[in-house]
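*Asks:* This structure is in structure tokens; I'll ask about it shortly.
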Amino acid sequence: MSRRSLWFLALCTGGLPVLLSTGSAQASWSTTGTGGGTAATSTMTTPGTPLLAQTGPSITVSWAAATAPTSLTYVVERELAGSGSWSDVCPPTATLSCTDAVTVDGTYDYRVRAVLGSWTSLSPTSASVNVTVFVAAPSVPDLPAADDTGVSATDNLTTVTTPRVTGTTTAGSTVTLYVDGTAVASQVLGAGQTAYSFVMPVLTEGAHAVRATATLNTTSSAPSPTLTLTIDTVIPTLKTLLRNAAEATKAAAVDWTATFSEEVVGVDPSDFAVVATGLAGTTPTPTSVVATSTTSYTVTAGTGSGDGTLRADGLANGSVTDPAGNILTGPLTGETYTVDRTAPLVVAVAGGATPNGTVEITDTLSVTFNEPIAAVPTGTQTLTFTRGGGRSGTVATISGLTGAAFDPGSDYTSARSTATFSGLLTLSADRRTVVFTITADGNCTTTNKKTTCTLITGSAGFVSGFLPSAGLLDDA
């Protein structure tokens, strides 16, 4: 039975004819009772125009009920729009909705058929609905080279806090951009348009996960692959520039370690200045700068000649950046080396003969220098004094020491040419004075339990030129 047609059908009910007719909106029929009477005409209305709710490729069809003297069942039909080929998509149901799972992309119409026994009435056709069964995930979002700052245009590291991202997806779809799982923007593409572009909201410092989805006809794609985008606006600094050795040195070249606050690039000798005082032959920049890690560099400079000081300073000349492109800020004054190639000099002497004209056990002989002494032999030592030629103005030298040592004056009362003393050699706390305390003398005499040595008389004492034979060292 089709709509907009009039039909008549004779039925035999108890031997009497029955007339059933229908138009575009209803079916009607009359019956004759067994007593010869005629029943009132009854009608069956058509269902309401179907309403469609789409969730991806699933279409939920609902409608208003038709009316009839008895219960009705309903069948939902679907056609590819304009094809005229209708097919049932839901089994007969007494409820007023059913869900159709579309498996092929297209535009579809729906209608509902009410069924009473062998009789039917059709609803009006629904509005057409576009169905997309599958939408491919967008391409991974990309940070354009213009927004990918720093040493690389492809490392997704940038100083831009509102960078652009671009990509491609299904033409005509709606693209939604997510940052760290939160939707931040969407864009509707035109017919045939597959490229999308977003300027993101302000992003905080650090790494962010950026993804996109595409929706077409309420069907959404899976998320795109993730772009890990890192925002870096922190300015690098040179934290320290420290000596790699003791302050005092006589080396031909010295090193410093430059430590930066983060990974930096572009570091070379031009990023440092060498400041020298009192030295000759030094260069204004280091001879080399070598990376020992991404944040640490060894800076080397020659010390030239002579005595003086040498310092390395860090410059901020715009050539050093972190990988994101943030420029190093602020100069830094480094530590200073003292270059000392001159041996220590005696500035004072003390000790020698006691008031009774002899050198005795517990007497001390000392010499003070113009700078700290790096080291001297400590503990019990044996020193041998040897008389020089002549009587007036003669000197005695000490084995293990070089230079003038003792001046015994004009009176040298012993015929011996040598005398050996044992004693403790110590270094003062400020490391400027060497002290020798006599503890025994193999060539001295003991009278009344008192040991005296008559090798040295008068007011003899140490004089300048007191050095160990191996070379007395200062801190350099």
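*Asks:* Filter segment 249-266 down to residues that are open to solvent by less than 50 Å² (accessible area, probe 1.4 Å) and assigned to a strand (DSSP E or B) and give me whichever is modelled with the lowest pLDDT.
*Replies:* T249
*Asks:* Restricting attention to segment 224-247, report how many residues are in a loop (DSSP other than H, G, I, E, B) and either touching a helix residue (DSSP H, G or I) at 6+ places or on another chain (Cβ under 8 Å) or under 14 Å from D142 (Cα atoms) (or both).
*Replies:* Adding up the residues that qualify gives 3.
*Asks:* Please work out if S197 is in contact with a Ser or Thr (Cβ under 8 Å, 6 or more places away or on another chain), touching a residue at least 40 places away in the same chain (Cβ under 8 Å) and open to solvent by 30 Å² or more (accessible area, probe 1.4 Å).
*Replies:* no
*Asks:* What number of residues within segment 325-337 satisfy the criterion of being more than 16 Å from V267 (Cβ to Cβ) and crowded, with 18+ Cβ neighbours inside 10 Å?
*Replies:* Residues in segment 325-337 being more than 16 Å from V267 (Cβ to Cβ) and crowded, with 18+ Cβ neighbours inside 10 Å: 1 in total.
*Asks:* From the list T99, T95, T70, pick out the single residue that is touching a Ser or Thr at 6+ places or on another chain (Cβ under 7 Å) and either in a strand (DSSP E or B) or open to solvent by 50 Å² or more (accessible area, probe 1.4 Å) (or both).
*Replies:* Only one candidate passes the filter, namely T99.
*Asks:* Can I ask one more? Output the number of the condition that T218 fails; it satisfies all remaining conditions of (1) open to solvent by 60 Å² or more (accessible area, probe 1.4 Å); (2) touching a strand residue (DSSP E or B) at 6+ places or on another chain (Cβ under 8 Å); (3) on the phi < 0 side of the Ramachandran plot.
*Replies:* It fails just one condition, (3).
*Asks:* A further question follows. Quick check on my filter: what residues within segment 21-67 are modelled with pLDDT of 85 or more, of a type outside the set (S, T, N, Q) and assigned to a strand (DSSP E or B)?
*Replies:* Within segment 21-67, L51, L52, A53, I59, V61 meet the criteria.
*Asks:* When segment 125-146 is examined, which residues are found to be part of a loop (DSSP other than H, G, I, E, B) and open to solvent by less than 50 Å² (accessible area, probe 1.4 Å)?
*Replies:* The answer is S126, T132, V133, V135, A136, A137, P138, S139, P141, L143, P144.
*Asks:* Taking the condition of being under 25 Å from V267 (Cβ atoms) and either free of Cβ contacts under 8 Å to residues at least 40 places away in the same chain or not acidic (D, E) (or both), how many residues in segment 207-249 meet it?
*Replies:* 16
*Asks:* Here's a check for you: in segment 297-316, which residue that is of a type in the set (S, T, Y) and open to solvent by 20 Å² or more (accessible area, probe 1.4 Å) is farthest from T282 (Cα to Cα)?
*Replies:* Y297
*Asks:* Any idea which of (1) open to solvent by 50 Å² or more (accessible area, probe 1.4 Å); (2) more than 27 Å from D322 (Cβ to Cβ); (3) of a type in the set (V, I, T) is the one V112 doesn't satisfy?
*Replies:* Result: V112 fails condition (1) only.
*Asks:* Do any residues in segment 126-143 that are in contact (Cβ under 8 Å) with a residue 12 or more places away in the chain and of a type in the set (A, V, I, L, M, F, W, C) have Cβ atoms under 8 Å from those of residues that are exposed (fewer than 15 other Cβ atoms within 10 Å of the Cβ) and in a loop (DSSP other than H, G, I, E, B), where the two are at least six apart or on different chains, and which pairs are they?
*Replies:* V133/T103; V133/V104; A137/A222; A137/P225; V140/P225; V140/T226
*Asks:* If you go through segment 168-191 one residue at a time, how many are open to solvent by 70 Å² or more (accessible area, probe 1.4 Å) and not hydroxyl-bearing (S, T, Y)?
*Replies:* 3
*Asks:* Further, regarding this structure: Tell me, which strands (runs of 3 or more DSSP E) lie completely within segment 267-328 with 1 or more residues that are among the acidic types (D, E)?
*Replies:* 308-314
*Asks:* What is the number of the single condition among (1) open to solvent by 60 Å² or more (accessible area, probe 1.4 Å); (2) of a type in the set (V, I, T); (3) touching a Phe, Trp or Tyr at 6+ places or on another chain (Cβ under 9 Å) that T213 does not meet?
*Replies:* Condition not satisfied by T213: (1).
The values are calculated or read from the model by the stated rules, or taken from the named source; none is laboratory data. The structure presented is a predicted model; accordingly, all values stated were derived computationally and were not measured. Here Cβ is always computed from backbone atoms with ideal geometry, including for glycine, and neighbour counts include all displayed protein chains. Accessible surface areas use protein heavy atoms only, side chains included; no ligands, DNA or RNA. Shrake-Rupley method; radii C 1.70, N 1.55, O 1.52, S 1.80 Å.
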